[in-house]
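The values are calculated or read from the model by the stated rules, or taken from the named source; none is laboratory data. Every value quoted in this text rests on a predicted model; they were computed, and no experiment measured them. Positions of Cβ are generated from backbone atoms using ideal geometry, with glycine treated the same way; all protein chains shown enter the neighbour counts. In case anyone asks, the SASA skips ligands and DNA or RNA and just uses the protein heavy atoms, side chains included. Shrake-Rupley method; radii C 1.70, N 1.55, O 1.52, S 1.80 Å.
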Amino acid sequence: MKKTLLTIAAIGMTMSAAAQTLNIVSGSVTYAVPAAQAGDMTYQNGATLTVMGKTLETSDITRMYVDNSTVTDNTVNIVYNGMEATVTVAGNIAQYVTPVVEGAHVSIMQSDNVGDDTCGEITYSLSGESPDGEFTMTGSYKATVELRGLTLTNLAGAPINIQDGKRIEMSVKKDTENTLADCLSGTQKGCIVCKGHLELKGKGTLNVYGNTAHAIYAKEYVSLKNATVNVLSAVKDGVNCNQYFLMESGTLNISGVADDGVQTAYKEEDETLREAEDTGSITISGGTLNIAVSGTATKGLKADGNVLVTAGDLTVTTSGGGKWDTDAAKTKASTCISADGNVQIDGGTLSLASSGSGGKGISCDAELIINGGDITVNTTGGMYAYVNGTEYTNYTGNTDRLTSDQKSSAKGMKADGNVTINGGTINVTTKGNGAEGIESKAVLTINDGTVNCYTYDDAINSSSHMYIKGGDITVVAANNDGLDSNGNMYIQGGTIRAFGTTSPECGIDANEEEGYSVIFTGGTLLAVGGGNSVPSTSESTQPYVSGNMSVTANQEITLKDGDTVLATFTVPENYSASSSGGGPHVSAAPGGGGPGGGWGGSGSSILISCENLSSGSGYTITSGTSSLKVTAVLTGSSGGGGGRPW
């Protein structure tokens with residue numbers, strides 16, 4: 001006791017002589033007290049020492065010394081070295097943190113008194129390496145965790161466990177590489193666990209291995225800005241959070257995960273209890289996102305709410321097949337972007353590929369809205385079906401008696417609500433059995449943009465009305481209709497090239513047997529198929545011409561009024577000519593069309609509608625070296641407008 005008292009007295013005289021730092025060491029923890037801040041040090045009954053509000057048992061003090069080190073206020077520095085860790089606490093916050101160190105396992109309790117009126121936000125700076133260590137922090141006020149070149153594995157849980165329900169900024173410092181891994185079993189929900197809001201920032205690199213559950217888990221929102229985050233494995237999701245996920249910039253690479261890439265959920269299941277930020281949404285407003293998932297029926301991006309993409313480069317691939325969900329009694333399939341709410345794309349570059357059975361590029365339970373961006377979707381999987389207790393990964397049988405819950409067809413884009421395209425460039429390719437390009441289970445509207453679909457089944461399909469008001473649209477269906485509407489089909493503007501396969505499939509197909517019609521009031525249209533739906537109502541005010549001619553890929557089709565060219569189209573290079581003649585369009589299954597626009601001879605049914613046509617006037621269609629004299633009409637019936645080979 002006498003020695004401790006003499007040491008304190010000597011240190012006090014030394015510190016008064018120069019602006020230095022008093023270091024009070026208690027085991028693996030050092031409290032660094034700048035001379036300018038030290039003030040009075042209280043030595044009580046030989047048992048305790050109080051400095052800057054921090055009271056220490058003298059029996060726990062292993063060393064006290066003075067040096068010229070610089071102390072950064074509000075900072076706790078933690079350095080890992082093998083199976084040990086050292087903690088240095090800035091003197092001004094010593095009274096607000098209680099560190100416990102066992103080997104390389106560091107636990108810090110941050111006082112509930114921390115706040116704007118006391119010391120403000122505390123920064124925890126982590127560096128070094130340990131094969132078995134951790135950082136756990138509990139508190140009730142926002143904090144920052146800096147990663148300054150940290151390699152940390154915890155053999156008993158999560159290497160970083162933040163039990164603080166407020167905003168936690170995790171700053172990955174510039175030019176540092178940091179690697180985290182949790183144990184192979186345990187109760188932790190992730191390799192990185194955060195009770196509050198997790199904001200990933202910085203200009204360094206963070207590698208994460210989730211060996212028990214998710215790689216990154218937050219009970220509230222997760223955001224990413226500037227940093228590079230590599231999720232290299234996870235037993236469950238790459239990133240799993242509540243409230244929302246926001247990516248503003250930086251890079252997020254996710255691979256080796258057994259479940260979804262990024263999944264967000266509502267924090268509160270009861271909608272009446274949700275706060276404004278509890279949206280269950282995913283927003284990508286910048287950065288580079290690369291996700292590859294391979295699990296059965298897994299998703300690249302999965303939101304309980306909406307998905308919004310305004311900018312950034314997104315590459316998402318899924319390779320897992322479909323599955324039968326016994327509890328829900330329905331099939332499920334892998335999807336690159338999936339939302340229980342809306343999907344809206346305003347910008348960015350999206351490359352989406354799904355190779356498993358029933359796989360999809362984009363799928364949402366509500367509306368799909370595309371205002372901009374460059375979107376490429378490729379699916380190669382066949383139809384997944386569950387029939388009489390048997391799962392089929394490439395079902396090719398009759399589907400007439402299967403409900404929608406029993407089968408999942410691959411699709412480029414699918415919405416249970418409306419689909420509205422206002423701009424952007426969209427390229428969709430689907431190759432598997434039953435695979436469609438763009439499908440709306442309600443109304444589909446194209447106002448503008450460039451849309452190219454090359455598909456196995458219908459290229460663009462709507463369960464209700466279809467409106468094409470603008471844009472540049474090219475669709476080719478190898479085994480079904482180019483444009484298929486189960487309500488009215490309104491062609492009001494834009495340039496459309498629609499190619500279907502042989503009869504009874506069409507270039508354009510409206511649900512005529514249920515009293516609907518195609519209606520032309522504007523636009524420039526070429527429709528080629530085994531037949532084509534034609535207007536049957538006076539609502540259609542723009543005439544059309546139709547006939548039957550041979551059509552081959554890369555060929556030019558022209559409509560002329562004498563020597564005046566009214567419209568010219570180039571047949572896509574991947575179009576395969578119909579092998580059977582045109583003629584009446586006969587529905588092959590419920591939901592099909594009605595009377596076609598075929599002429600009835602050999603070749604394909606061709607229908608053209610554009611401005612400057614006059615009903616009753618004669619025109620000439622040329623296809624390659626062949627030509628056909630046709631007469632424009634406003635409405636038609638089975639067989640369409642007349643014409644003869646020339």
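Tabulated data for the structure shown
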read-out	value
Those lysines that a straight Cα-Cα span of less than 21 Å connects to K267, excepting residues fewer than 8 apart in one chain	K142, K166, K189, K195, K219, K236, K299, K302
Tensor-based shape of the stretch 149-197 (alpha-carbon gyration tensor, a/c under 1.5 rounded, otherwise prolate or oblate)	oblate
Cα gyration tensor category, rounded, prolate or oblate, for the stretch 413-468 with a/c compared to 1.5	oblate
Which labelled figure in (1) -0.36, -1.39; (2) -0.46, -1.10; (3) -0.46, -1.32 is log10 I(q)/I(0) by the Debye sum over Cα atoms at q = 0.06, 0.12 Å⁻¹, once derived from the coordinates	(2)
Paramagnetic label zone (point 7 Å from Cα along Cα-to-C-beta, N388; backbone N under 20 Å) in the stretch 330-368	330-331
Where trypsin sites (Lys or Arg not before Pro) fall in DSSP loop in the stretch 168-255, at most 12 other Cβ within 10 Å	K174
Per-pair calculated FRET efficiency, R0 = 35 Å: E271 and A553 via Cβ, rounded to 0.05	0.10
Dipole magnitude of the stretch 151-216, debye to nearest 20 (Cβ charges: Lys/Arg +1, Asp/Glu -1, about Cα centre)	200 debye
Under 13 Å, Cβ to Cβ, from G424 - net charge with Lys/Arg +1 and Asp/Glu -1	-4
Share, in percent, of DSSP beta bridges within the stretch 295-415 that are antiparallel, nearest 5	20 percent
Counted charge near E199, where neighbours are those whose Cβ lies closer than 9 Å (Asp, Glu -1; Lys, Arg +1)	+2
Ordering of 564-570, 156-162, 355-361 by burial proxy (mean other Cβ atoms within 10 Å per residue, highest first)	355-361, 156-162, 564-570
Total charge dipole magnitude, the stretch 298-346, about the Cα centre, Cβ charges on Lys, Arg, Asp, Glu only, Debye to nearest 20	220 debye
Degrees separating the helix 2-17 axis from the principal Cα axis of the chain, which is the longest one	70 degrees
Low-density loop positions, chymotrypsin sites (Phe, Trp or Tyr not before Pro), the stretch 421-513 - DSSP coil, at most 13 other Cβ in 10 Å	none
The stretch 46-108-the stretch 218-270 distance, computed between alpha-carbon centres (Å)	34 Å
Antiparallel content of DSSP bridges confined to the chain, in %, to 5	25 percent
The chain, accessible area per residue, ligands and nucleic acids excluded (1.4 Å, Å²)	38 Å²
Within the accessible area of the stretch 71-199 (1.4 Å probe), percent carbon and sulfur	44 percent
Mean Cβ count within 10 Å, highest first, over the residues of peptides 101-113, 471-483	471-483, 101-113
Mean separation of Cα contacts under 8 Å, 6 or more apart, over the residue count of the chain: relative contact order %	5 percent
Cα-centre dipole for the chain with unit charges at Cβ (Lys and Arg positive, Asp and Glu negative), debye to 20	920 debye
Surface share of carbon and sulfur [accessible, 1.4 angstrom probe, percent] for the stretch 256-348	41 percent
Burial order of peptide ranges 507-520, 80-93 (average beta-carbon count within 10 Å, highest first)	507-520, 80-93
For the stretch 219-311: rounded, prolate or oblate by the Cα gyration tensor [a/c cutoff 1.5]	oblate
